[in-house]
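Below is one structure; the comments refer to it alone.
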Amino acid sequence: MNPLTAQINAVSDPLPSILHGIPLDVRSISLQMNRSEFTINPTNCQAKSVIGAVRTLTGSTTSLSNPFAVGGCKGLEFKPTLKLFFSGQTKRTGFPAIKAVLTQPAGENANVASTTVILPKGMLIANAHINNPCTRVQFNSTPIPGQGCPAKSVLGTARAWSPLLENPEEGKVYFRSNGGERQLPDLVVALEGQVPLQLVGFIDSVGKKGAEVRRVRNRFMSVPDAPVSRFELKLSGGKKGLLQNSKNLCSSKNKATFKLAGQNGKVYDTEPDIRVSCGKGKKKKK
């Protein structure tokens, strides 16, 4: 399975060319998958194809393709919920811990295609903490992607629940170099479990041209078309914190911008308040 797209690639064993000393001349091959609820339809109705390739005994290859599409995607609901929590070092110059929770109600819903989170003003990239990202070579140097990365490149953890899987997918979040395609390294979620997957987030800043204050943005631009009932992303704070405050988060309201797109083209935009764990003040003694 492709860890970025969740596309399945099946390769058969070599077909016999001789049976009991008699050469075989295969004229047709038929494959039927009719087990109940073995597969589910996508929620993206764009035209697709089932592709394949056949290799002969002499080594030549012939490509195969058969069109595939579904209908009714526009009628699917798209009602995700995304919440953001800050805790730990919430004062000015502090490095807060971050928790993002994405939920999707059960039923006939379109799956998430992409997510964009723009953090509130006053949140800055902690440049002193991003000097040791994992390279792509290190990331792919072990059977389980990411295990060859330096410890300082680990930003946090992630978990994903899907109605298709018995147990949640779990894994680490890495700061990984992108080969010079973008100014900042990528935020990569490497999930392990029954279906290993990778989510690649692009980090940059947005704001009006020439403005002194720009806002940090992270975008997961390509999310597999698979049902996810809950997704949790936790980023460490303190010495491993990715972000730094330029103001006290507990002194004012902090709004983020969420832009979520469904596989069927529907969009969900909102600007909720971020929940900040400020603690309770100490009682004064008389």
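Only the coordinates and a few stated rules stand behind these numbers; no lab work does. Remember, predicted model here, so these are calculated numbers, not experimental data. Cβ: placed from backbone, ideal geometry, glycine included. Neighbour counts: every protein chain shown.
Key figures for this structure:
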read-out: Where Cα atoms sit under 22 Å apart: lysine pairs in the range 90-236 separated by 8 or more or lying on different chains; value: 13
read-out: Computed FRET value (nearest 0.05) for Arg27 with Phe68, which takes r as the C-beta separation and R₀ as 25 Å; value: 0.50
read-out: Calculated P(r) tail over 23 Å for the chain, as whole % of Cα pairs; value: 63
read-out: Cβ-based net charge around Gln104, under 9 Å, with every Lys or Arg adding one and every Asp or Glu removing one; value: +2
read-out: Extension reserve of the Asp204-Gln7 stretch, reckoned as 0.36 nm per residue once the Cα distance is removed; value: 68.1 nm
read-out: Gain on full stretching of the segment that runs from Ser60 to Val101 - 0.36 nm per residue minus C-alpha separation; value: 9.8 nm
read-out: Relative contact order (percent, whole number), the range 77-276, Cα cutoff 8 Å, 6+ residue spacing; value: 34
read-out: Under 18 Å from Lys74, Cα to Cα: aspartates and glutamates that are on another chain or at least 8 residues apart; value: Glu108, Asp225, Asp269
read-out: Longest to shortest principal axis, alpha-carbon extents of the range 7-78, angstrom; value: 59, 28, 18
read-out: Per-pair calculated FRET efficiency, R0 = 25 Å: Ser36 and Glu166 via Cβ, rounded to 0.05; value: 0.90
read-out: Spin-label model distance (nm) - Ile125 vs Lys253, 7 Å beyond Cα toward Cβ; value: 3.0
read-out: Within the range 77-276: Cβ-based charge dipole about Cα centre, in debye rounded to nearest 20 (Lys, Arg +1; Asp, Glu -1); value: 1100
read-out: Cleavage-rule hits (trypsin sites (Lys or Arg not before Pro)) in the range 1-74: DSSP loop, at most 12 neighbouring Cβ within 10 angstrom; value: Arg27, Arg35
read-out: Within a Gaussian network of the chain (alpha carbon springs, distance under 10 Å), most fluctuating of Val101, Val276, Val54; value: Val54
read-out: Cβ-derived FRET efficiency at R0 22 Å, Lys83 paired with Arg214, nearest 0.05; value: 0.40
read-out: Relative contact order (%) - criterion: Cα under 8 Å, at least six apart; region: the range 18-73; value: 31
read-out: Estimated 222 nm signal from helices in the chain, with DSSP H stretches of n ≥ 4 weighted -39500 (n - 2.57), rounded to 500; value: 0 deg cm²/dmol
read-out: Equivalent ellipsoid semi-axes - Cα gyration tensor, the range 43-112, angstrom; value: 45, 23, 8
